[in-house]
Each structure stands twice: as C-alpha cells, then as structure tokens.
Amino acid sequence: MPEKSRSNLYVGLFCVAVALVLIFIWIPLDTKTGIVERARGKFVIGDALAPTVAAGFVLLGGLLLLVFERNAEDQPALGPSKIKFVASVVAVIGVGFAIMRFAGPAAVEVANLFREDPLEYRLLRATPVWKHIGYVMGGTIMVSGIIAIVERKMSRRAVLTGIAAVVVLIAVFDLPFDDLLLPPNGDV
Amino acid sequence: MDILDYIWLGIQAVFMGPEAFSFLGVSVSVTIMMVLAGFLFGIVVGATPGLAGPFAMAISLPILISIFGYTPDALLPVMGFLIGIMKGATIGGAVPAILFNTPGTPDAFMTTLDGYPMAQKGQAKKALRIAHFSSASGDTFSDIVLFVCAPFLAIIVEAYLDLPEKTGLLILSLSFIAAVIGGSAGKGLISIGLGLLAVYVGTGEDFYPRMSMGAEGLSRGFPITTAVLGVLIVGAVFKELEEIWRSTGSAKPVHAPAETGDQKLHWADIKNLFPTIFRSAAIGTSIGALPGVGSTLAATLGYTVGRARHQKSKSDDAPDFGDGAPEGVAATEAANSAVSGANLIPVLSLGIPGNAAAVFLILAAESIGGFNPGPAVFRFSPDVVNPELVIAFGIFTCMTIANVINWTIGGVFMRSMGFMINIPKTLLLPAVLLLTLTAIYVQETRLEAIWFALGFGVLGYIMRVLTISPLPFVIAFILGRSLEQTARQAYSATGNDPFFLFNSPIALIFILMSVAVIIFSGRKSKGAAA
C-alpha cells in the first residue's frame, strides 16, 4: 500500500518558517523604512508594512494548513520524479537561451576570422540572418529538447517541430515589425 | 452629456473607429474585425485540448500591442480581440468534450457526462447544437446583466465607499478569493501572500527599493508579464508536459462516433430546454459576479441543480443525466458561458479581476494605458467627456458584436473544429512555451525577464502539483499595489488614524466578513479532512 502523502504538514511548516524569516529578518533588514515612520512630525505608513501583511497571509495560510488540514484525505505529493522532470525541462530551456544569447556573437567572431574589417554583433542585431542566428539555434534546441524529454527519445519530428516553431515566430514577431527585438537582441 | 450620449459615443467608437476595409461602400472598422478574429481564434483554442482561453490571451497580447501600439486607439481593438477569445474558447471547449469525451477547457468537463453519451448514440451534431444554443443563451443573458449592473455597482461604490471602505473591500475580495478558489482557505491564503510579496519586491516609497537585497535586477521589481504569464501559462505548460511524460503518451488519432438520425435542433427541443438554460444562466451569472469563483464551479452547480429538477419532471422514457440527456449538456454549457460576462462586473465596477480571462483584460488595459478599470470609470461627467466611460461602453458594444457573431456563425464554425483533437500536445506545448517566452522578451527586451518568468513558471508548477491555485497569486499581484496605495491614502485622509479600518462601520463590516469567510472556509476544510 503506497504511503499516504503528508504534504499539507510540510507545506504548512515551510510557509510558517518562511513567513517568520520574512517578518523578523528579511523585511526589517532589507527595507529602509519601518512599518510606521515619523516624517515631518507626522506618522506615515512605511515600506515594511505591506510586505509584512503579505508575509502575515503566508503565516496564516501555513497555520490553517497545520491546524485544520493536516490530516486531509488525498494530499498531493511533490515526488522526486516530478522535481527531476521540471528541473530537466528548465535546464533545456536554460541551455536554449544560453545558446540564443551567444550564438550570434560567436558567429560574428567566426566570420571575423575571414575578414579584414571586423564586424560587431551589436551593429548587426537589426540585420536579417545575423539577428536570427541565436534565436533559430536556441529556439530549435529548446523546443526539440523538451519534446525529446517528454517523448523520451530524440526524433526527426521533434527537430522539425522546433524549426517550424522558430520560423513561425520569426514570421509573427520579426517580419512585420521593425521595432521589435527577438531574443537576445535587446541584451547585446 | 447624459447616459445615452455616452452609450452612443461608445457604439461610435467601435463602428466608426479606424477602418479595416470598405465593403460595398460601407466602412468596416478594425475593432469589429478584431472581435471576429478573436472569437474564431477562441473557438479553435477552446477546441484544442491542453490549450484554453487564457493561453490564447497571453500569447496574443504582446502581438496585439505590437500591432496597435500604446495609444488610446489601441484599447478597443485589443480588448475586442481578447473578449472574442474569452467567448469563443468557452463554446470551443464543448467540441472535444462531446465528440471525444475530452474536455477542451476545464469548465467543459461536465459537458462530457451527457454530451459524449449523446455522441455515442449517434447524436453528436445535435449535442453540439444544444451546447452552442445553450452557451450563446447563457452568454447573452450574462452580458445583459453586466451592462445593467456594472454601472450601478460602480456608482454605488463611488457614492458610499471612501478610502477606508475601499481598503476594506480590497481585503475582503482577497480573503474571499483565498477562501473559495481551490477549496482550501490555507492554500488560498498562501497563494495570496506569495502574490503580494512578489509585487512588493523592488517597490515602495523610499529611495531604496525594498526587499531587493541590493540586486540591480530586483530593484525594478518583477514585471507584471513575467509574474502573470510565468505562474499562469509557463506553470500550466510544465504541468501538462509532466502529465504527458508520466503517461508516456504519444496519443493515437481518435475519431468521432458515427452519426445517426435527426441532428436538427427543433423549436420543441428549445422549448423543453429553455427552463434548464434559464436556470443555469442565472446560476452562472450569479457565480460569475463573485470574484474568484470560476466557470467550473458554475458548470458543476448548474448541472447539479439541473439534474435535481430533471429527475422530478422527466418522462419515463427520457434519459437520465449522465446517460445522454440533452438537458445535461444545456445545464452545463449555459452555466459556464454565463460566467464570462458576469465576471466583468467586479472588473469594470471595482477593478477586481475574478478569473484568468479578466486578469488578461486588466493586463491589456494596464499595458496600453488610458483605461483603469474601477469605479471611477463610470463617472458620468456632464460637462467634460469621460473617455474611460466611452471605452467602457465600447467594450459593451464589442461584447454585443461577439454575441451576434456567436449566434450567426459561431455554431457552424464550432461544429467544424472536431479535428483539433488530433493536434499532438507533445509538439504543441513546447512551441507554446517558446512563444510565451518570446512574447515576454519582446515586451521587456531583457533576458532577466525570461529568468523571472521561468522562476515564476516553476513556482506555478509546484503550486499546481500541491493543489495551490495560482489564480489568487495573480490576482494579489495585480491588486497589491492598489491595496497599499489605498491604505496609505486612507491612513493620511483619516489624520493618521491607525484604526481607520475599524472606525468606519462599512469598513469594519468588510473586515469582519473577511475574517468570517476565512474561519468558515477553514472549518469547512477541517470538516472535509475529518
């Protein structure tokens, strides 16, 4: 018989702990004005009040879980397999965006090996083909990588879907608008 | 300027706005075309299992803003498109529910209970016709209630509620949303608290951006698009992908059951269904007017009440609910469609979003500017034109146009969307993810926004796994700043009275109701757990 999940207890304890850290450590140390401040002879609401109230909501929610819902039926479980899955998807997205960020400038550096007057990616970020290199490579890797994780195998269909998605998005966001910047061209 | 002048200006703003094209010398405005496009797109999205209206609204918004820009002229075409999606997705969700026993949207789950048995008996097209007729009726009924109630509610709020009472009302709304969404007051409060904490990072009145830990990236706060799209869309995509991954499912193509017999919806059918539709429309509208109570609950209530009435009044040879009763399809579809219009009552009259679709309408208004949903919108100024009121009546006109489109071509288009079931989610969802992240980048133009959105996406995923609804988080994120600002103003306006929430009888009632709703809901949860 599978072990009954006690996630409400753990979530409740976690939220109470986080709320207490927020109320007594983070908010007082990381906010310059307190809950109420005296300014020009008058009391005014300080910047710490609103986040303290927010942390109060988390504290109250955690306590309700601990007191009233600790033994609820059918509590969900956040098992290691779910964490692994979402971590791997986030990792693929991270790799995709890292490639997106650096592929264009890297391509320019490679082109400079064969040129006498060097190019600069920043000046080419609105020039077709150059501006698409990062997005095409990173986007394709991201989409096909996630499909491969979900289907548990890399397939030609996954790669083609990645390419098709990137081409469609370039057609939607880039071709009709001169003033829009696809990733990563706002950062380079 | 009286009320009729404002209504006329709102209609003119829609029909005589920028021209899309001219047909036989008659100018057709861009806004009308956008309502049409949004409505058809909404049906397509609703008919695709795994996607829903909020997905389509999320990915459309940055594209629409890129097309129309940040000018007041952009408001009606953009809002019209989003309203079209909102309405289209609701009826689209019934298509796979009836044909394939797979709800296209969560609120269409109850439609499967009688819609699919009807399809199995060879009455698929008839079930789709009933679903469309009921949905369009519920939607129209709800819109009429919205048109009448929202202005009156806003006027009452403006007349009787001062700053302390408005602060109390915001606290009551957040408590109510925490208590009713997801069925656990504790989890609702956690979701609200996290949303408020997120919006307070990097903001405040002091020179130092609070809770930013001195980090440059956090000092500007989290952009609203990263929080809303991250928690609502990226988190939902992660969850859907994980479910497919667990089922190791590459889905096989499915086919609708064969049709036999008369598929038409006759006047006699309509007469039989009318009491069920009216009852469910009233239930859906009442539920929809409460912030945070969604169309799924409306559908469930409509179905339950409809079943109770059906058991008492049905003839012996008529099928029971669950066995393919046309009344079952009508009860569900009228109720869930009646939510969409009524949900805009708290949005337009109080500035409080009640569901995910309303969140995106507020997001559009905030992004474009020039329209701040809330009681001030319905200020009937006699001497100077209130442009926000013209926009509000323009939105009502867009909703009416969407209803006309729904009644005329909606049914035909809806019935042709059965093939959308075969679009593989494994391929679609990663593309939607790239589209969402690209849309965020296009608006924010910094990679930091992508990392924020991913962080919120993981949070949204974890919340879904732990059955903590992400909707209170998003609503709190949207209302957080206004709550703080109103409280600061109320404190100043009452001469720095720290008990301003308790000295006004109305504010005190709101606060007591907030406490009562949490205690009641908490005790109910305990009862359910025992």
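The values are calculated or read from the model by the stated rules, or taken from the named source; none is laboratory data. Treat the numbers as computed from the prediction; the structure is a model and nothing was measured. Neighbour counts are summed over all protein chains in view; Cβ atoms, including those assigned to glycine, are modelled from backbone coordinates with ideal geometry. Side chains included, ligands, DNA and RNA excluded: accessible areas come from the protein's heavy atoms. Shrake-Rupley method; radii C 1.70, N 1.55, O 1.52, S 1.80 Å.
Observations on the structure shown:
- Meets criteria (within 7 Å of chain B (Cβ to nearest Cβ) and among the aromatic types (Phe, Trp, Tyr)) for A:Phe14: no
- Of all residues making up the stretch A:166-188, the number that are modelled with pLDDT of 95 or more and either facing chain B (nearest Cβ under 8 Å) or within 14 Å of A:Ile93 (Cβ to Cβ) (or both): 1
- Qualifying residues in the stretch B:439-455 (those that are open to solvent by 20 Å² or more (accessible area, probe 1.4 Å) and more than 7 Å from chain A (Cβ to nearest Cβ)) - the one nearest to B:Ile368 (Cα to Cα): B:Gln443
- Verdict on A:Val58 being touching a Phe, Trp or Tyr at 6+ places or on another chain (Cβ under 6 Å) and within 28 Å of B:Leu454 (Cβ to Cβ): no
- Close contacts from the stretch B:176-196, counting a first residue that is at pLDDT below 95 and a second that is of a type in the set (Asp, Glu), with Cβ to Cβ under 7 Å and a gap of 6+ residues or different chains, come to B:Ser184/A:Glu69; B:Gly186/A:Glu69.
- On the stretch given as the stretch A:18-63, residues that are more than 10 Å from chain B (Cβ to nearest Cβ), part of a helix (DSSP H, G or I) and touching a helix residue (DSSP H, G or I) at 6+ places or on another chain (Cβ under 8 Å) total 2.
- Close contacts from the stretch A:148-177, counting a first residue that is under 17 Å from A:Met100 (Cα atoms) and a second that is loosely packed, with under 15 Cβ neighbours inside 10 Å, with Cβ to Cβ under 9 Å and a gap of 6+ residues or different chains, come to A:Asp174/A:Pro128.
- Any hit, the stretch B:520-529, residues being under 30 Å from A:Val136 (Cβ atoms) and within 29 Å of the chain's Cα centre (by Cα): no
- Residue in the stretch B:354-366 that is open to solvent by 40 Å² or more (accessible area, probe 1.4 Å) and either under 18 Å from A:Met142 (Cβ atoms) or in contact with a helix residue (DSSP H, G or I) (Cβ under 9 Å, 6 or more places away or on another chain) (or both) present: yes
- Checked against (1) in contact with a helix residue (DSSP H, G or I) (Cβ under 7 Å, 6 or more places away or on another chain); (2) over 29 Å from B:Pro346 (Cβ atoms); (3) touching a residue at least 60 places away in the same chain (Cβ under 8 Å), B:Thr112 meets all criteria but (3).
- Matching helices (runs of 4 or more DSSP H) fully within the stretch B:33-115 where at least 2 residues are under 14 Å from B:Gly418 (Cα atoms): B:75-92, B:94-100
- Residue check, A:Leu22 in contact (Cβ under 8 Å) with a residue 12 or more places away in the chain and closer than 20 Å to B:Gly221 by Cα: yes
- In a residue-by-residue description of the stretch B:211-231, the property of being away from chain A (no Cβ under 11 Å), of a type in the set (S, T, N, Q) and without any contact (Cβ under 8 Å) to a residue 24 or more places away in the chain applies to at least one position.
- Test: residue in the stretch B:320-332 that is open to solvent by less than 10 Å² (accessible area, probe 1.4 Å), under 17 Å from B:Ile144 (Cβ atoms), part of a helix (DSSP H, G or I) and at pLDDT 85 or above: no
- Selection status of A:Val188, aliphatic (A, V, I, L, M), outside the structural domain of A:Val92 (by TED's automatic domain parsing), in contact with a Gly (Cβ under 9 Å, 6 or more places away or on another chain) and at negative phi: yes
- Any hit, the stretch B:379-387, residues being over 30 Å from B:Lys126 (Cβ atoms), open to solvent by less than 10 Å² (accessible area, probe 1.4 Å), modelled with pLDDT under 90 and of a type in the set (Phe, Trp, Tyr): no
- Within the stretch A:135-161, the set of residues being crowded, with 19+ Cβ neighbours inside 10 Å and either polar (S, T, N, Q) or more than 11 Å from chain B (Cβ to nearest Cβ) (or both) comprises A:Val136, A:Met137, A:Thr140, A:Ser144, A:Thr161.
The rows are residues; the columns are (1) surrounded by fewer than 18 Cβ atoms within 10 Å (Cβ to Cβ); (2) among the aromatic types (Phe, Trp, Tyr); (3) touching a strand residue (DSSP E or B) at 6+ places or on another chain (Cβ under 6 Å); (4) touching a residue at least 40 places away in the same chain (Cβ under 8 Å).
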| site | (1), (2), (3), (4) |
| --- | --- |
| B:Phe371 | no, yes, no, yes |
| B:Pro375 | no, no, no, yes |
| B:Thr397 | no, no, no, yes |
| B:Gly411 | no, no, no, yes |
| B:Ser416 | yes, no, no, no |
| B:Met420 | no, no, no, yes |
| B:Ala431 | no, no, no, no |
| B:Leu437 | no, no, no, yes |
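- In the stretch A:64-94, of all residues being within 7 Å of chain B (Cβ to nearest Cβ) and β-branched (Val, Ile, Thr), the one that is most open to solvent (accessible area, probe 1.4 Å) corresponds to A:Val90.
- Complete set of residues in the stretch B:456-503 that are small (Gly, Ala, Ser) and open to solvent by less than 50 Å² (accessible area, probe 1.4 Å): B:Gly457, B:Gly460, B:Ser469, B:Ala476, B:Gly480, B:Ser482, B:Ala487, B:Ala490
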